[in-house]
1. Which residue pairs have Cβ atoms closer than 9 Å, lie 6 or more positions apart in sequence or on different chains, and pair a first residue in segment 71-87 that is on the phi < 0 side of the Ramachandran plot and in a loop (DSSP other than H, G, I, E, B) with a second residue that is hydroxyl-bearing (Ser, Thr, Tyr) and at pLDDT 95 or above?
2. Going through segment 126-168 one residue at a time, which ones are in contact with a Leu (Cβ under 7 Å, 6 or more places away or on another chain), in a helix (DSSP H, G or I) and farther than 30 Å from residue 92 by Cβ?
3. Kindly indicate whether residue 277 is at negative phi, more than 19 Å from the chain's Cα centre (by Cα) and not in a helix (DSSP H, G or I).
4. Residues that are without any contact (Cβ under 8 Å) to a residue 40 or more places away in the chain, in the same structural domain as residue 189 (by TED's automatic domain parsing) and part of a loop (DSSP other than H, G, I, E, B): does segment 291-308 have at least one?
5. Just need a number here: residues in segment 160-189 that are under 26 Å from residue 227 (Cβ atoms) and crowded, with 18+ Cβ neighbours inside 10 Å.
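The values are calculated or read from the model by the stated rules, or taken from the named source; none is laboratory data. Note that the coordinates shown come from a computational prediction; the quantities given were computed from them, not determined experimentally. Cβ placement follows ideal geometry from the backbone for every residue including glycine, while neighbour counts extend to all protein chains displayed.
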Amino acid sequence: MKRRNFIQKTAIAGAASIAAGSGAVAAKSNLMNADTEAHKFNLKYAPHFGMFKNSGGEDLIDQLKFMADQGFMALEDNGMLKRSTEDQEKIAREMERLGMEMGVFVVDGGENWKTSLSTGKKEFLDNFVETCKESVEVAKRINAKWMTVVPGFFERKLPLGIQTANVVEALRRGAEIFEPHGLVMVLEPLSDTPDLFLRYSDQSYMICKAVNSPSCKILYDVYHMQKNEGQLITNIERCWDEIAYFQIGDNPGRKEPTTGEINYKNIFKYIHEKGYEGIMGMEHGNFHKGKEGEELLIKAYKEEDNFL
């Protein structure tokens, strides 16, 4: 073979190989882009800080970016009230840039179990009212609409009716503060201890009807209500017109869906078909540890949200 022909054939073969290689790289690149494209969920699931720290890093802003990259377009932060103004503003700016929506934060910074509104004591009521006023300013700063309220402990020395009246009166005071700003306190019945005053969905429904304000609604935490009363879909239906917010956690263990006994796919489907457009707070821990556990958590939400 002449040297010129050899060089020409070698060049042609090399070009073909490069072209094939480029095609493979392009195909791989397209696959990676498809894998990293944000998932489109049917409902607005809201993680909290720390849930993806192994994948997103310790920095809160980096965690927000990671959440959005996975398709989670809302955030919960129970302790937002206690964060510095600088951090609140920084979080709000990044969420606005990412197009994320703010879920609940807790009135009293997660310590409102100490505020037993059922007692009717002035010091508890005054503290609640002042914290509601503070919460208005925080809500404006972070573009929030919902705030979690827990009335506190059951008062064994008082009849249940008196306690209920005390709670209703306190919540009416709170509603007066929130209503002019279009904000909503959501009452959360809990299962953590029988010593808490508010524990059932029908009890919460009755109180909301008595307060009679658009600024006083129910936070229906599926985990707590499975423990306290069961009949999840039936009770959601009964209380629907007073429910403004949902939270998620499987039972037992209070971890992500698919790790316990609750059929979340059916619950998500039911809530979606009811036309709910609010937030579904991911109020639970991670079943598995580390980055792998975070990946499995995301996978579980994709599976349970696939109900259409």
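1. As it stands, the answer is 72/45; 72/301; 73/45; 78/148, since those pairs meet every condition given.
2. 166, 167
3. Numbers: at negative phi: yes; more than 19 Å from the chain's Cα centre (by Cα): no; not in a helix (DSSP H, G or I): yes.
When the stated conditions are applied, residue 277 does not pass them.
4. Taking every residue of segment 291-308 in turn, none turns out to be without any contact (Cβ under 8 Å) to a residue 40 or more places away in the chain, in the same structural domain as residue 189 (by TED's automatic domain parsing) and part of a loop (DSSP other than H, G, I, E, B).
5. Here the count works out to 13.
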